[in-house]
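**Student:** Sharing a structure below in structure tokens format, with a few things to ask.
The values are calculated or read from the model by the stated rules, or taken from the named source; none is laboratory data. Quantities reported herein were computed from a predicted structural model and do not represent experimental measurements. Here the Cβ positions follow ideal geometry from the backbone for every residue, glycine too, while neighbour counts run over all protein chains shown. Protein only, heavy atoms only, side chains kept; ligands, DNA and RNA dropped before computing areas. Shrake-Rupley method; radii C 1.70, N 1.55, O 1.52, S 1.80 Å.
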Amino acid sequence: SSRIDLPSVHIPTKEAREIKARCGMRQALVRFRTVLINNVRGWLRGQLVKPRSGGVETFPVRVRNRLGEALPATVERQLLVIERLTQEIKESTRELAELAKNDPVCNLLMSVPGVGSITALSFKAAVDDVTRFKNAHFLEAYLGLTPGENSSSEKKRITSITKAGSST
């Protein structure tokens, strides 16, 4: 056989696929809620109405308080869906936090300032088996966290991180 030896493709473990799917499901809920909130905000702008500022959890209440009885049924339906999505996102976040709390790798990752349960689980699912990388630089390249370069002739200019890795 004159096959060229190619490096094997990593097949993620069942656990990594499950974690990635659960994080993706939560992210889809957040995306849908954002679309609905932006839709209602667009309608409000058309009515020349600006609700008080606040978090996404209180958005439906703030809209209802601002418009009162003048709120159309079509907008109320969207506000109800936003409230339901917010409940589901909280539940999903709680489940993922519990999953991360019981995982030693995630606990280590969460000891880094700014890294919470969702980030730790997403990182663990993306990397899966860290031993498959020769060193940290290979992991950086896999994640797309390598510096860019804009060089010519004798000038070597290193630019910011390329973020050219996997989009998931």
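**Student:** Long-range amide H contacts for Ile161: which residues qualify at under 5 Å (H placed 1.01 Å from N, peptide plane, sequence gap of 5 or more or a different chain)?
**Tutor:** Hits under the 5 Å cutoff: Gly148.
**Student:** Of the listed pairs Lys14/Lys156; Lys124/Lys156; Lys20/Lys50; Lys20/Lys134; Lys50/Lys124; Lys20/Lys155, which have alpha-carbon separations greater than 32 Å here?
**Tutor:** Lys14/Lys156; Lys124/Lys156; Lys20/Lys50; Lys50/Lys124; Lys20/Lys155
**Student:** Considering the values [x] 0.99; [y] 1.16; [z] 1.46, which represents Cα Rg over 2.2 N^0.38 Å as calculated for the structure under consideration?
**Tutor:** Correct label is [z].
**Student:** Once the other residues with Cβ under 12 Å from the Cβ of Ile82 are scored (Lys, Arg +1; Asp, Glu -1), what is the net sum?
**Tutor:** +2
**Student:** For the chain, which longest stretch is free of loop sites, where a loop site is one of the trypsin sites (Lys or Arg not before Pro) that DSSP puts outside H, G, I, E and B and that has at most 16 other Cβ atoms within 10 Å?
**Tutor:** Within the chain, the longest run free of exposed trypsin sites (Lys or Arg not before Pro) spans 53-133.
**Student:** Oh, and also: GluC sites (Glu not before Pro) within the range 47-78: which are DSSP loop residues with at most 12 other Cβ atoms inside 10 Å?
**Tutor:** none
**Student:** Something else: For the range 88-168, give the percent of accessible area contributed by carbon and sulfur heavy atoms, probe 1.4 Å, rounded to a whole number.
**Tutor:** Carbon and sulfur: 58 percent of the exposed surface of the range 88-168.
**Student:** Helix 73-101 sits at what angle to the longest principal axis of the chain, using alpha carbons and giving 0 to 90 degrees rounded to 10?
**Tutor:** On a 0 to 90 degree scale, this one is about 40.
**Student:** What accessible area per residue comes out for the range 99-149, rounded to a whole number of Å², with a 1.4 Å probe?
**Tutor:** For the range 99-149, the per-residue accessible area is 62 Å².
**Student:** Calculate for the chain the 222 nm mean residue ellipticity that helices alone would give, adding -39,500 (n - 2.57) per DSSP H run of length 4 or more and normalising by residue count, nearest 500 deg cm²/dmol.
**Tutor:** About -19000 deg cm²/dmol.
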